[in-house]
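This report concerns only the one structure given below.
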Amino acid sequence: MPEKRSVLAALTLVLLASFLVLAQEEQRGGQQGRPQPQHHPMSFFVTSVGLGKGGDLGGLAGADAHCMALATAVGAGNHTWHAYLSTQARPGQPAVNARDRIGTGPWYNTSRSQLGQPQNANISQDLGELHGDTLIQAQRGSNLFKQSARTEKGEVIHGVGDPPPIEHDILTGSQTDGRAYTDKADHTCNNWTSSGAGSAQVGHSDRIGNENASWNSSHATTGCSQAALESTGGSGLFYCFAVN
Amino acid sequence: MRKARSLAIAFTAPSFLASCFLLAQQNPAPRHPMNFFVTSSPIGDGGNLGGLAGADAHCQTLASAVGAGNHTWHAYLSTQARPGQPAVNARDRIGTGPWYNVKGEMIAPDLAHLHGDTLELARLGNNLNKLTGLTEKGETVPGLYDYADVRDNDWDYVKTTPFSNRHEMLTGSQPDGRAFTDSVDHTCNNWTSNKDPEPGTANGNLNAPDGRPNAQIGFPDRNGGGNGSWNSSHGTRGCSQESLPKTHGVGMFYCFAIN
């Protein structure tokens with residue numbers, strides 16, 4: 001009998017607790033309809049610094065390691081980080097598409113909301129939204145724009161109109177759909193090993209420049225040296241995504 | 001005779017030199033006259049713009065005030081179909097481009113680039129952004145994170161604070177620049193309504209599936225709304241002037257010259 005009673009008490013407690021949780025949820029959703037920021041761990045950032053050697057990132061492996069090192073420095077090393085970079089096909093070596101390297105989303109940045117609270121804003125729900133796989137998705141665009149494309153420290157990248165240095169040219173080596181180029185021209189600084197000859201396709205973190213608004217495929221760099229990258233508003237930064 | 005010649009030299013030489021100098025100073029490309037701008041001020045009655053005619057007149061007035069009244073100006077606004085009255089698509093009202101802002105910067109070369117009619121064009125996007133989306137006076141439209149203040153949502157504050165966020169442009173349009181075809185209000189009743197939802201019906205969904213007074217908006221700074229669309233990001237909380245700032249708009253819109 002006492003056992004039964006304690007079971008009953010436990011049940012009541014559980015019931016009460018769930019009511020409380022429900023009430024809280026309702027409050028959250030009902031506050032003038034403004035959803036309270038939910039905490040999602042950072043799974044997207046723009047590198048706060050480049051590797052300093054122009055388009056030579058040490059290949060994809062070197063770029064991934066840079067993502068991991070920067071993430072680890074801010075306590076986000078518990079994910080597997082990949083750089084958003086494509087490489088072009090070589091004899092015996094198939095092309096790699098940036099979009100195939102970054103998991104399936106959703107991805108969140110690390111930032112502060114308008115009034116200063118820490119938050120993790122949604123960059124995109126999935127690969128389709130990020131790249132605009134359908135016409136309506138492409139026309140609307142994703143949530144990746146100047147104020148959401150933050151570094152791992154939550155900083156905005158300086159873009160057009162900001163004090164120099166402008167660093168909005170983000171290395172991708174990709175077409176607008178996130179895939180590698182299939183022509184013979186260099187779009188990846190020789191698959192991210194060249195700091196001299198060649199060229200890399202870049203997007204704009206502020207989505208301003210070259211008369212388009214592309215975040216991942218706006219124009220080609222004039223060369224692969226660090227100086228060449230800096231001459232058009234870049235410093236060799238790239239996007240990092242957590243794949244898990 | 002001698003005097004006449006020296007006079008001629010005295011006149012022609014400097015003026016010739018001066019004109020060379022002027023030519024050298026001039027831009028190689030001729031500057032394009034403004035045929036696109038963001039209204040520097042709203043009409044001030046929320047979503048009631050006096051219909052398309054009232055909105056067009058506002059464009060024309062603002063343009064005339066800066067000496068650009070020699071064009072025919074149309075507001076970039078759609079209206080929805082009503083019995084006996086077909087829908088009007090914003091994209092069909094603005095000519096064929098190219099369009100330039102007050103600084104002569106191109107916004108888009110044509111309708112297809114402006115709206116992203118193909119996948120590639122849509123992914124690339126047009127050249128409307130925070131730096132090019134200028135008012136007829138050449139002002140930047142305050143956008144996301146500019147002078148962030150809690151009072152940004154309060155019209156009484158916003159109307160006296162020109163630098164507070166006001167980046168939501170009324171369009172009433174879908175991303176392709178066409179009118180909505182559902183039965184929900186996306187145009188504040190074809191730009192004649194300044195009404196708000198009945199008390200207690202505001203559930204936070206900005207797209208008013210329940211038919212609340214609502215207008216679709218886009219951002220010239222392309223920052224916000226989960227997508228950054230310049231012409232179709234989300235809806236408003238109502239159609240009154242006081243409702244528009246709750247999501248960071250004041251009832252401004254885009255104007256295009258059609259000739």
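The table below gives the values:
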quantity: Identity of the residue in the range A:205-220, of a type in the set (D, E, K, R) and under 20 Å from A:THR47 (Cα atoms), that ends up nearest to the other protein chains (Cβ to nearest Cβ); calculated: A:ARG207
quantity: Spans of helices (runs of 4 or more DSSP H) in the range B:96-189 with at least 1 residues within 11 Å of chain A (Cβ to nearest Cβ) and surrounded by fewer than 20 Cβ atoms within 10 Å (Cβ to Cβ); calculated: B:119-124
quantity: Residue satisfying all of: in the range B:78-95; out of contact with any strand residue (DSSP E or B) (no Cβ under 6 Å at 6 or more places or on another chain) and part of a loop (DSSP other than H, G, I, E, B); surrounded by the most Cβ atoms within 10 Å (Cβ to Cβ) among these; calculated: B:GLY95
quantity: Residue within the range A:132-155 that is at the interface with another protein chain (Cβ under 9 Å from one of its Cβ atoms), among the β-branched types (Val, Ile, Thr) and surrounded by 16 or more Cβ atoms within 10 Å (Cβ to Cβ) present; calculated: no
quantity: Residue satisfying condition, being under 30 Å from B:LEU124 (Cα atoms), of a type in the set (Asp, Glu) and either part of a loop (DSSP other than H, G, I, E, B) or modelled with pLDDT under 95 (or both), within set B:ASP221, B:ASP196; calculated: B:ASP221
quantity: Yes/no for B:LEU49 being touching a strand residue (DSSP E or B) at 6+ places or on another chain (Cβ under 9 Å), crowded, with 17+ Cβ neighbours inside 10 Å, in contact (Cβ under 8 Å) with a residue 60 or more places away in the chain and assigned to a helix (DSSP H, G or I); calculated: no
quantity: Residue check for A:GLN226: within 13 Å of chain B (Cβ to nearest Cβ), over 16 Å from the mean Cα position of the chain (by Cα) and touching a residue at least 24 places away in the same chain (Cβ under 8 Å); calculated: no
quantity: Enumeration of residues in the range A:38-82 that are surrounded by 14 or more Cβ atoms within 10 Å (Cβ to Cβ) and over 17 Å from A:ALA242 (Cβ atoms); calculated: A:GLY50, A:LEU51, A:LYS53, A:GLY54, A:GLY55, A:ASP56, A:LEU57, A:GLY58, A:GLY59, A:GLY62
quantity: Verdict on B:TYR157 being of a type in the set (Phe, Trp, Tyr) and farther than 28 Å from B:ASP185 by Cβ; calculated: no
quantity: Residue identified as free of Cβ contacts under 8 Å to residues at least 12 places away in the same chain, among the small types (Gly, Ala, Ser) and more than 11 Å from B:CYS255 (Cβ to Cβ) among B:GLY95, B:GLY67; calculated: B:GLY67
quantity: Residue check, B:ARG31 at pLDDT below 95 and either basic (Lys, Arg) or outside any helix (DSSP H, G or I) (or both); calculated: yes
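Residue-wise test of (1) without any contact (Cβ under 8 Å) to a residue 60 or more places away in the chain; (2) among the hydrophobic types (A, V, I, L, M, F, W, C); (3) within 20 Å of A:GLY203 (Cα to Cα); (4) not assigned by TED's automatic domain parsing to the domain that holds A:ASN190.
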{"site": "A:GLY52", "(1), (2), (3), (4)": "no, no, yes, no"}
{"site": "A:LEU60", "(1), (2), (3), (4)": "no, yes, yes, no"}
{"site": "A:ALA65", "(1), (2), (3), (4)": "yes, yes, no, no"}
{"site": "A:MET68", "(1), (2), (3), (4)": "yes, yes, no, no"}
{"site": "A:ALA71", "(1), (2), (3), (4)": "no, yes, no, no"}
{"site": "A:VAL74", "(1), (2), (3), (4)": "no, yes, no, no"}
{"site": "A:GLY77", "(1), (2), (3), (4)": "yes, no, no, no"}
{"site": "A:HIS82", "(1), (2), (3), (4)": "no, no, yes, no"}
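One line per residue, one yes/no per condition, for (1) within 14 Å of A:GLU167 (Cβ to Cβ); (2) in contact with a strand residue (DSSP E or B) (Cβ under 8 Å, 6 or more places away or on another chain); (3) within 12 Å of chain B (Cβ to nearest Cβ); (4) surrounded by 24 or more Cβ atoms within 10 Å (Cβ to Cβ):
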| site | (1), (2), (3), (4) |
| --- | --- |
| A:GLY178 | no, no, yes, no |
| A:ASP183 | no, no, no, no |
| A:THR193 | no, no, no, no |
| A:ALA197 | no, no, no, no |
| A:GLY203 | yes, yes, yes, yes |
| A:GLY236 | yes, yes, no, yes |
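The values are calculated or read from the model by the stated rules, or taken from the named source; none is laboratory data. Just so it is clear, the model here is predicted, and its values are computed rather than measured. Neighbour counts run over all protein chains shown; Cβ positions are idealised from the backbone, glycine included.
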